[in-house]
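A short write-up of the structure that comes next.
The numbers here are math on the coordinates, done by the rules we state, and not lab data. If you're wondering where the values come from, they're calculated on a predicted model, not measured in any experiment. Positions of Cβ are generated from backbone atoms using ideal geometry, with glycine treated the same way; all protein chains shown enter the neighbour counts.
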Amino acid sequence: QVRLVESGGGLVQSGGSLRISCAASGSMFGISTMGWYRQAPGKPRELVATITSGGNTDYADSVKGRFTISRDNAKNTVFLQMNSLEPEDTAVYYCYAALRVTGTGPYTNQWGQGTQVTVSS
């Protein structure tokens with residue numbers, strides 16, 4: 001069984017920085033794209049950033065220039081470095097990984113449990 005475990009969330013002041021990470025563990029054959037979504041209270045879940053296995057990245061317009069996504073393929077881990085944080089960034093951040101558990105099976109998205117990021121003004 002595959003698990004994604006996030007860590008690094010917390011409380012930070014506006015303008016501050018925070019780094020969150022997500023490690024995938026368990027029996028898997030390979031991971032394709034990894035990424036982060038976030039969900040603020042009363043709002044739909046939104047895509048924050050993605051990174052392919054080759055290192056290509058994509059970001060939501062709201063975080064471009066402030067957030068950086070990276071990954072360590074050897075450790076099946078994805079990171080999100082968040083700088084110049086704003087109160088509007090307050091949300092639960094969820095990581096995901098498109099992975100397959102067999103060499104011939106389809107890639108399916110697995111999700112972490114979420115980590116709270118709170119930015120105070």
Share of alpha-carbon pairs per 10 Å distance bin for the range 80-121, given as whole %: 25, 35, 22, 14, 4
Pairwise FRET efficiency - LYS64 versus ASN109, Cβ, R0 = 22 Å, nearest 0.05: 0.40
Rounded to the nearest 20 debye, dipole of the chain from Cβ charges on Lys, Arg, Asp, Glu: 280 debye
Positive-end residue, the chain charge dipole about Cα centroid, Cβ charges, pick of GLY30, GLY54, ASN73: GLY30
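Exactly which trypsin sites (Lys or Arg not before Pro) in the range 48-107 are in a DSSP loop and have at most 15 other Cβ atoms within 10 Å? Could you put the intermediate results ahead of the total?
Details: sites: LYS64, ARG66, ARG71, LYS75, ARG100; in loops: LYS64, ARG66.
Here the sparse-neighbourhood loop sites are LYS64, ARG66.
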Two-site label geometry, ASN83 and SER121: point separation in nm, points 7 Å out along Cα→Cβ: 2.5 nm
Per residue convex hull volume, Cα atoms of the chain, in Å³: 97 Å³
Beta bridges per DSSP with both ends in the chain, % antiparallel, nearest 5: 90 percent
